[in-house]
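The values are calculated or read from the model by the stated rules, or taken from the named source; none is laboratory data. Predicted, not measured: the structure shown is a model, and the values here were computed from it. Quick reminder, even Gly has a Cβ in these numbers, built from the backbone with ideal geometry, and neighbours come from all protein chains shown.
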Amino acid sequence: MRNSFSMRMIKEAKPVMGFLILALLSILLLSLTKALRPQITSDIINLYLEGFTEGSINKEVALVGIEKASIYFFLITLIEFIMSFIRSFALSVAGMKVLYNIRQRLFNHVQNLPLSYFDKTPVGAIVTRLTNDPAAIGDLFNIVLVGFVQSIVYIVVILVFMFAEDITLSLVSIALIPFIAFSTVLFRKVARRVFGAIRQKVSELNVFLNESINGMKIVQLFNLQGKKNKKFEQLNRAYYKANMGRVILFGVFRPLMNVIKYLTIAILLWIGGVRYIDGIISIGTLYLFTYYIGEFFDPIMNLADQISTIQSSVAASEKIYDLLDETPEYNHQKPKVLDVVQGEIRFEHVWFAYNDEEWVLKDVSFTIKPKENVAFVGHTGSGKTTIINLICGFYDVQKGRITIDGIDIRELNKSQYRRSIGLVLQDVSLTEGTILSNIKMNDHQVSDEQVVDIVDQLNLDELINTLEGGYAYPVNQGGTTLSTGQRQLISFARSLIYNPGILIMDEATSNIDSHTESLLKVALNRIVEGRTTISIAHRLSTIKGSHTIFVLHHGTVKEVGNHVELMTKQGLYYKLNLHESRSVS
């Protein structure tokens, strides 16, 4: 994954390479200016203070030298400020652009994943992939490159200055580097596991919170608060323990680096002091090395923090790229386009399972003729909704094939084909906006006049007129301010706005009052003419007028015929009707 991570990061960096190059140049200049500051202080001590004390220069020369050196010190500090600003600005912009691009690509990719992915992946985990994890990669550019690259560059610059000043003291200063390197590598390995565990626990928390909040009605209805609290406590404690691992890790590593730092300074003062007394080095040189050692260890300790952020980013990137590597919904390399969908649907020996070989449909074959009005009935779990999902192309069959107007559904352009389907479900999802925007689905190609026309055709004027503001009535997320029946009526209008060649209704009038249903039925009898209509019904009284009724049983087509033919056979359909009549009685 490291190579894959590195290559993918390079690819992410390409669009912002100009900002990164600018940042690297500013980091180089920033490191040089930081290393030059103590050099100026050392020169003041050696050339002017010691020179004046020893009498090699007079007071006037010493003061002029100190004044010039102080001006240089200030100018270098000013340059350092400018370089710091350029570095921070360039890397911040680069980080935000990378974060924006990754999030955008993730969302686009998620929208094109097959529904089977969402069946097996909790919503909370997907939300984490789209929110928390990209932020970690953004931090990689915005924070880590600021510190990590600067720390490495600064260490190299310090070493160059140190060896140029005195080789012996430089060798003393780096004597413990092998131990530091070993400790850092060990820290990196442990940090990778720790931060991976933290991200896993965050994802589990998000999944649980998403499920609990979305299902709050059920939680309160069945008094599940106690069980939910215990489960949350377990997850929260696991997250706490994972974070405690990080605390312990840093609690050991940083003090250890401080011990090594001050041990190195102590050795340097001892050997440097001896060399000063022997007249080999000046007091300014000793000061310079003492300063550089402090500066040398600070970026090393910062590297530890930055390595932990890198580990966090790597852990996040693994999850992000696992998601991006998910195969998107299959679309033929050269998809075929149906200019006009006639509506012939053919199932040829179709076998389908959501999981492995737990077959939901078994060797199902049938033909729906163009513009035919058909219905599917059967007990719960018989495969009715699955057939609808397959007709819409939401899943691919494992065996057999499905054709639309004689073309294999897998060869069709899915987006274009689905615009030819009007789907009205029992559970309707509305988006935040207005009645008008929900019917138009924010498609600017659909005119307001088209919306009004389709509402008139469906006899839904009464619904619109009862709402304050009519078409401008505000709808919140999920449409909870509307009744279930009102949401279904809006779904009817939405499904017919594109004049689909295939209309699918899954228990579409189950939540509509009898008066509105009677008005809607009159309109539907007129609207279904000239298009293939498929109904799924639990109330068999609603599909008696269908041309063909398919009776499903345990994933197979048990009976086929119209209402009269099936009642005459006195088979499964007859028994279902008999059971419904008794229930009504």
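Tell me, yes or no, whether the range 344-361 has at least one residue that is in contact (Cβ under 8 Å) with a residue 24 or more places away in the chain, within 30 Å of ARG531 (Cα to Cα) and small (Gly, Ala, Ser).
yes
Just wondering, is there one or more residues in the range 319-336 that are under 26 Å from ILE543 (Cα atoms) and either in a loop (DSSP other than H, G, I, E, B) or not assigned by TED's automatic domain parsing to the domain that holds GLY571 (or both)?
Among the residues of the range 319-336, not one is under 26 Å from ILE543 (Cα atoms) and either in a loop (DSSP other than H, G, I, E, B) or not assigned by TED's automatic domain parsing to the domain that holds GLY571 (or both), which makes the answer no.
With the requirement that a residue be under 47 Å from the mean Cα position of the chain (by Cα) and buried (at least 19 other Cβ atoms within 10 Å of the Cβ), what does the range 163-175 give you? Even if it seems obvious, please write down each step before you answer.
Just the residues of the range 163-175 that are under 47 Å from the mean Cα position of the chain (by Cα), to begin with: 173-175.
Across the range 163-175, the qualifying residue is only SER173.
Which of the following residues is among the hydrophobic types (A, V, I, L, M, F, W, C), loosely packed, with under 14 Cβ neighbours inside 10 Å, in a helix (DSSP H, G or I) and not assigned by TED's automatic domain parsing to the domain that holds ASN389: VAL340, VAL252?
Values: VAL340 fails: in a helix (DSSP H, G or I).
The conditions single out VAL252.
Being aliphatic (A, V, I, L, M) and in a helix (DSSP H, G or I), is that true of even one residue in the range 395-412?
Yes; the residues of the range 395-412 include at least one that is aliphatic (A, V, I, L, M) and in a helix (DSSP H, G or I).
Taking THR184 as meeting all but one of (1) under 30 Å from THR41 (Cα atoms); (2) part of a helix (DSSP H, G or I), write down the number of the exception.
(1)
Hey, does the range 252-270 have a residue that's over 27 Å from ASN132 (Cα atoms) and in contact with a Gly (Cβ under 8 Å, 6 or more places away or on another chain)?
Yes, the range 252-270 contains a residue that is over 27 Å from ASN132 (Cα atoms) and in contact with a Gly (Cβ under 8 Å, 6 or more places away or on another chain).
Any idea how many residues of the range 444-459 are in a loop (DSSP other than H, G, I, E, B), surrounded by 13 or more Cβ atoms within 10 Å (Cβ to Cβ) and either among the polar types (S, T, N, Q) or without any contact (Cβ under 8 Å) to a residue 40 or more places away in the chain (or both)?
Qualifying residue count for the region: 1.
So is LEU63 assigned by TED's automatic domain parsing to the domain that holds PHE141 and closer than 24 Å to TYR154 by Cβ or not? Reasoning before the result, please.
Numbers: assigned by TED's automatic domain parsing to the domain that holds PHE141: yes; closer than 24 Å to TYR154 by Cβ: no.
No: the conditions fail for LEU63.
What are the residue pairs meeting all of these: first residue in the range 217-233, first residue surrounded by 10 or more Cβ atoms within 10 Å (Cβ to Cβ), second residue aromatic (Phe, Trp, Tyr), Cβ atoms under 7 Å, and 6 or more apart or on different chains?
Going by the 7 Å Cβ cut-off, the qualifying pairs are LYS231/PHE208; PHE232/PHE208.
So, VAL397, is that one surrounded by fewer than 21 Cβ atoms within 10 Å (Cβ to Cβ) and touching a strand residue (DSSP E or B) at 6+ places or on another chain (Cβ under 8 Å) or not?
yes
Does LEU209 satisfy being more than 18 Å from VAL247 (Cβ to Cβ), more than 22 Å from the chain's Cα centre (by Cα), modelled with pLDDT of 85 or more and assigned to a helix (DSSP H, G or I)? Let's see the steps before the verdict.
Numbers: more than 18 Å from VAL247 (Cβ to Cβ): yes; more than 22 Å from the chain's Cα centre (by Cα): no; modelled with pLDDT of 85 or more: yes; assigned to a helix (DSSP H, G or I): yes.
In short, no.
So which of SER415, SER365, SER437, SER382 is part of a loop (DSSP other than H, G, I, E, B) and either among the small types (Gly, Ala, Ser) or under 17 Å from PRO114 (Cβ atoms) (or both)? Working first, answer last.
On the way: SER415 fails: part of a loop (DSSP other than H, G, I, E, B); SER365 fails: part of a loop (DSSP other than H, G, I, E, B); SER437 fails: part of a loop (DSSP other than H, G, I, E, B).
Answer to the check: SER382.
Of the conditions (1) in contact with a strand residue (DSSP E or B) (Cβ under 7 Å, 6 or more places away or on another chain); (2) touching a residue at least 24 places away in the same chain (Cβ under 8 Å), PRO328 fails just one. Which one is it?
Among (1) in contact with a strand residue (DSSP E or B) (Cβ under 7 Å, 6 or more places away or on another chain); (2) touching a residue at least 24 places away in the same chain (Cβ under 8 Å), PRO328 violates only (1).
Could you go through the range 30-46 and let me know if any residue there is surrounded by fewer than 13 Cβ atoms within 10 Å (Cβ to Cβ), assigned by TED's automatic domain parsing to the domain that holds ILE126 and more than 26 Å from the chain's Cα centre (by Cα).
The first filter runs over the range 30-46 and keeps only residues surrounded by fewer than 13 Cβ atoms within 10 Å (Cβ to Cβ), leaving none.
So far as the range 30-46 goes, no, none of its residues is surrounded by fewer than 13 Cβ atoms within 10 Å (Cβ to Cβ), assigned by TED's automatic domain parsing to the domain that holds ILE126 and more than 26 Å from the chain's Cα centre (by Cα).
Here is a list of conditions, (1) modelled with pLDDT under 85; (2) surrounded by 14 or more Cβ atoms within 10 Å (Cβ to Cβ); (3) of a type outside the set (A, V, I, L, M), and ARG87 meets all of them except one; can you say which number that is?
(1)
Could you identify the single residue in THR309, THR285 that is modelled with pLDDT of 85 or more and under 30 Å from ALA181 (Cβ atoms)?
THR285
Under 30 Å from VAL397 (Cβ atoms), outside any helix (DSSP H, G or I) and touching a Phe, Trp or Tyr at 6+ places or on another chain (Cβ under 9 Å) - does that describe any residue in the range 157-168?
First, pick out the residues of the range 157-168 that are under 30 Å from VAL397 (Cβ atoms): none.
No, the conditions are met nowhere in the range 157-168.
Step by step: first the residues of the range 466-515, then only those that are in a strand (DSSP E or B) and within 22 Å of LEU390 (Cβ to Cβ), then the one that is modelled with the lowest pLDDT. Which residue is that?
ASP506
Do we find that PHE148 is part of a helix (DSSP H, G or I) and under 14 Å from THR309 (Cβ atoms) in this structure? Quick ask: steps written out before the conclusion?
Working: part of a helix (DSSP H, G or I): yes; under 14 Å from THR309 (Cβ atoms): yes.
Judged against the criteria, PHE148 is a match.
Only one residue in LEU572, LEU552 is under 25 Å from ALA353 (Cα atoms), over 47 Å from the mean Cα position of the chain (by Cα), modelled with pLDDT of 85 or more and not hydroxyl-bearing (Ser, Thr, Tyr). Which one?
Step by step, each of LEU572, LEU552 is checked, and only LEU572 is under 25 Å from ALA353 (Cα atoms), over 47 Å from the mean Cα position of the chain (by Cα), modelled with pLDDT of 85 or more and not hydroxyl-bearing (Ser, Thr, Tyr).
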